[in-house]
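Read through the structure below, which is laid out as C-alpha cells, and then see the notes.
The values are calculated or read from the model by the stated rules, or taken from the named source; none is laboratory data. It should be emphasised that the depicted structure is a prediction, and the values quoted were computed from it without experimental measurement. Note that we place each Cβ from the backbone using ideal geometry, even for glycine, and neighbour counts take in every protein chain shown. All accessible areas refer to the heavy atoms of the entire protein, side chains included, with ligands and DNA or RNA removed. Shrake-Rupley method; radii C 1.70, N 1.55, O 1.52, S 1.80 Å.
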Amino acid sequence: MKKALVYTLAFLAIQLMSGAVMQGVWTLLKGPGAQLDAVGTILLMALFSIVTLVLFLYKKWAVASRHWIRTRPWLVLIWCVLAALGAIIPSIWLQEQMPELPNIVEEEFDMILRNRYGYLVVGLLAPLAEEVVFRGAVLRSLLQWNRRPWLAIVLSALLFSAVHMNPAQLPHTFLVGLLLGWLYYRTDSIVPGVVYHWVNNTVAYVMYNLYPSSDMTLADVFGGQQRVLMAVGFSLCILLPALFQLNLRMKK
C-alpha cells in the first residue's frame with residue numbers, strides 16, 4: 001500500500017513541477033503574468049507525460065516487458081476496442097442520471113480538445129503514461145500487497161479517479177479504472193489497458209469536436225429519451241459480449 005501511495009504522489013509531484021517549469025518558460029517567452037494558452041497547455045501535458053514515462057521506467061517502478069504481446073493476443077486487443085466503444089454511451093447515460101458535479105478544468109479541456117495537436121497528448125501520451133503509472137506501478141504493487149485482487153483493483157481505481165482532480169470526471173474515471181484494473185490483473189500487461197484507454201480518449205476527442213456545445217446531452221444528440229435508451233441498449237449489446245469474450249480469452 002505504501003508503494004502505491006508513493007507512486008501516486010510521485011505522479012502528482014511531476015505534474016506540479018512540470019506546470020511550474022512550463023509556466024516559467026511561458027513567462028520568459030510571453031512576459032510577466034502570461035497565462036498558458038492552448039499550445040502552452042498541450043506542451044505542458046506532453047512534458048508531464050514524457051517525464052512520467054521516463055522516470056517510472058528508468059526507476060523500474062513499472063516494468064516494461066514484451067512477454068504478453070509475444071503471445072499474439074490480437075483477438076483480445078480487438079475485443080478491448082469493442083468493449084471501449086460499447087462502454088461509452090452507457091457510461092455517459094449513467095453519469096447524466098447522477099447529480100451534476102462541478103467541472104473545474106472545463107476551460108483547460110476545451111483548449112486542448114479543440115486544438116488539432118491536442119490529440120497527441122489526450123489520445124496518445126496520456127493513455128500510455130497513465131497506464132504505466134496506475135496499472136504498471138500502482139496496481140502491481142497493490143496486488144503484491146494484498147492477495148484479494150478486487151480490493152487492489154478498487155483501490156487503484158479510486159486513486160486513478162482522484163488524481164484527475166475534477167469532480168465531473170469521477171464517476172466515469174472510477175468505472176473505467178475498475179475495468180482497466182481487471183484487464184491488467186488478468187494479463188499482467190498494460191497493453192490491453194493502453195488500447196482501451198486510447199479508444200476511450202480518442203472517441204471523447206472526436207465527439208467533443210463533432211458537437212458544437214460541450215453541454216449537449218445524449219437526448220440532444222439522439223433526439224429524445226426513447227432513442228437514448230435504444231442507444232444504451234445497442235451499446236450494451238456490444239459491451240457485454242466483449243467482456244464475455246475478454247473473460248474467456250485473457251490469460252496471464
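When you look at S65, is it part of a loop (DSSP other than H, G, I, E, B), out of contact with any Lys or Arg (no Cβ under 7 Å at 6 or more places or on another chain) and either farther than 22 Å from A168 by Cα or of a type in the set (S, T, N, Q) (or both), yes or no?
Numbers: part of a loop (DSSP other than H, G, I, E, B): yes; out of contact with any Lys or Arg (no Cβ under 7 Å at 6 or more places or on another chain): yes; either farther than 22 Å from A168 by Cα or of a type in the set (S, T, N, Q) (or both): yes.
Yes, satisfied.
Take the residues in the range 224-251 that are of a type in the set (S, T, N, Q) and within 14 Å of A83 (Cα to Cα), then tell me which one is most open to solvent (accessible area, probe 1.4 Å).
N247
What do you reckon, is A83 closer than 24 Å to I153 by Cβ, touching a residue at least 40 places away in the same chain (Cβ under 8 Å), out of contact with any strand residue (DSSP E or B) (no Cβ under 6 Å at 6 or more places or on another chain) and among the small types (G, A, S)?
Yes.
List the number of the failed condition for G224; all other conditions in (1) more than 22 Å from P127 (Cα to Cα); (2) touching a residue at least 12 places away in the same chain (Cβ under 8 Å) hold.
(2)
Exactly one condition in (1) of a type outside the set (D, E); (2) open to solvent by 20 Å² or more (accessible area, probe 1.4 Å); (3) modelled with pLDDT of 90 or more is false for S141; which is it?
Of the numbered conditions (1) of a type outside the set (D, E); (2) open to solvent by 20 Å² or more (accessible area, probe 1.4 Å); (3) modelled with pLDDT of 90 or more, the odd one out for S141 is (2).
If I filter the range 26-46 for residues that are touching a residue at least 60 places away in the same chain (Cβ under 8 Å), open to solvent by 30 Å² or more (accessible area, probe 1.4 Å) and in contact with a helix residue (DSSP H, G or I) (Cβ under 6 Å, 6 or more places away or on another chain), do I get at least one hit?
Step one: list which residues in the range 26-46 are touching a residue at least 60 places away in the same chain (Cβ under 8 Å), which gives 37-39, 41-42, 45-46.
Those still in the list that are open to solvent by 30 Å² or more (accessible area, probe 1.4 Å) too: 37, 39, 45.
Narrowing further to those that are in contact with a helix residue (DSSP H, G or I) (Cβ under 6 Å, 6 or more places away or on another chain): 45.
Yes; the residues of the range 26-46 include at least one that is touching a residue at least 60 places away in the same chain (Cβ under 8 Å), open to solvent by 30 Å² or more (accessible area, probe 1.4 Å) and in contact with a helix residue (DSSP H, G or I) (Cβ under 6 Å, 6 or more places away or on another chain).
Which of the residues that make up the range 68-103 are assigned to a helix (DSSP H, G or I) and either small (G, A, S) or more than 23 Å from L179 (Cβ to Cβ) (or both)?
Across the range 68-103, the qualifying residues are R70, A83, A84, G86, A87, S91.
Residues that are over 16 Å from the mean Cα position of the chain (by Cα): find the helices (runs of 4 or more DSSP H) completely inside the range 104-223 holding 2 or more of those.
In the range 104-223, 106-113, 140-145, 149-162, 170-187, 191-210, 218-222 are the helices (runs of 4 or more DSSP H) which contain 2 or more residues that are over 16 Å from the mean Cα position of the chain (by Cα).
Return the pair list, or none, for Cβ contacts closer than 8 Å from residues in the range 156-167 that are at positive phi to residues that are in a loop (DSSP other than H, G, I, E, B), at least 6 apart or on different chains.
Short answer, once both residue conditions are applied: M165/I104; M165/V105.
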